[in-house]
Amino acid sequence: MTILTNFGQRVRELRLKTGMSQEALALRCGMDRSYIGGVERGERNISLENISIITNALDVDMSYFFDNERFSMHTAYVKSEYKRALSERFVYHIDFDEQVISWQVKGILSVEDVNKTAFDLKIACTYLTKGHIKLLIDNRGMVANGHPFVFSPDVNERIEELQKWMFPHCQKVAVLCNSKLMKNQLDRLGKRTGMSQISQHFYGDNNEDIIAQAYGFLGIDHNTLVFE
């Protein structure tokens, strides 16, 4: 496999993992769809500048792009997942004593789903003390057909809006991730919203270890929703 072919496959796998079409990626890059197609097929001797443009459009750091974490070429976005009730894909809990709002994402969320959950989470914040709220977010269950996946760009835009709203309400935020890809994208999102000042994102093979790290960061020793 040539360097260009390997590079093109990496672009394609990350594009599919985020649920983007070639047209959508090309639009975000300000490039023609045929150019993106040529890159993915290993037919383009791409410049460093265009590599930077494409990685930013994929919302990953260049260092992560060349990481050894690889994914199946089959997209994890399965339309049947949307048929599951939102209550099966998203659950949350308020711990009034610890000032903690915890939630778990257990499937694919659409823009409409995020709008609904954002409304509920904003209401939950009003029950606790502004500036002292701790968030414990568990995204490890974002898996379809055995493959981890990340939020689509459209969904990420809604999450970015929610983060900006929640930032002044929160003291600390801990997020459990399902892949290095998700961790990298959330690191980037946190920098855009300011949430990186008070948040940490955790990923690893040992669930007990990352939960212990998240608990320690938040200063808690238990949680009703996220415990294994």
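The values are calculated or read from the model by the stated rules, or taken from the named source; none is laboratory data. All values derive from a computational prediction rather than experimental measurement. No Cβ is skipped: glycine too gets one built from the backbone with ideal geometry, and neighbour counts run over all protein chains shown. With ligands, DNA and RNA removed, areas are computed over all heavy atoms of the protein, side chains included. Shrake-Rupley method; radii C 1.70, N 1.55, O 1.52, S 1.80 Å.
Of note:
- About the centre of its Cα atoms, the stretch 29-77 shows a dipole size close to 200 debye [charges on the beta carbon of Lys, Arg (+1) and Asp, Glu (-1) only; nearest 20 debye].
- Candidates Asn50, Phe71, Trp103 compared by Cα position along the dipole of the chain: farthest toward the positive end lies Asn50, with charges placed on Cβ.
- Anisotropy class of the stretch 1-76 from Cα gyration tensor, a/c 1.5 cut: rounded
- Per-pair calculated FRET efficiency, R0 = 22 Å: Lys122 and Glu160 via Cβ, rounded to 0.05: 0.90
- Separation of alpha-carbon centers, the stretch 162-214 and the stretch 1-51, rounded to whole Å: 28
- Inter-site label distance for Ser63 and Leu48 at 7 Å from Cα along Cβ, in nm: 1.7
- Projected area, mean over directions - the stretch 1-133, Cα convex hull, nm²: 10.8
- Under 13 Å from the Arg33 label point (7 Å along Cα→beta-carbon), backbone N, the stretch 1-26: 21-26
- Annotation note: trypsin sites (Lys or Arg not before Pro) in the stretch 29-129 located in DSSP loop regions with a Cβ neighbour count of at most 14 within 10 Å are Arg41, Arg70, Arg84.
- DSSP-assigned coil residues among GluC sites (Glu not before Pro) in the stretch 1-69, each with at most 14 further Cβ atoms within 10 Å: Glu43, Glu69
- Compactness of the chain - radius of gyration and Dmax, Cα, Å: 18.3, 59
- Subtracting the Cα-Cα distance of Gln9 and Arg41 from 0.36 nm times their residue separation leaves 10.8 nm of extension gain.
- DSSP assigns beta bridges within the chain; of those with both partners inside it, close to 35 percent run antiparallel.
- Choice from Tyr92, Tyr203, Tyr35 with maximal GNM fluctuation in the chain (Cα, 10 Å cutoff): Tyr35
- Surface exposure of the chain, expressed per residue as accessible area with a 1.4 Å probe, stands at 49 Å².
- Phe90 long-range amide H proximity, modeled H, under 5 Å: Lys106
- Taking chymotrypsin sites (Phe, Trp or Tyr not before Pro) across the stretch 103-176, the ones in a DSSP loop with at most 14 further Cβ atoms lying within 10 angstrom of their Cβ are Tyr127.
- Solvent-accessible area, 1.4 Å probe, carbon plus sulfur percent, for the chain: 49
- With θ taken as phi - 60° and the Karplus curve 6.51 cos²θ - 1.76 cosθ + 1.60 applied, the whole-hertz 3J(HN,Hα) list for the stretch 149-158 is 9, 10, 5, 6, x, 5, 5, 4, 5, 5 Hz, x standing for glycine and proline.
- Taking every Cα-Cα distance in the stretch 163-222 and sorting them into 10 Å bins starting at zero, the pair-distance distribution P(r) comes out as 24, 51, 24, 1 percent.
- Candidates Asp95, Asp205, Asp120: whichever shows maximal mean-square fluctuation once the chain is modelled as a Gaussian network with Cα springs under 10 Å: Asp205
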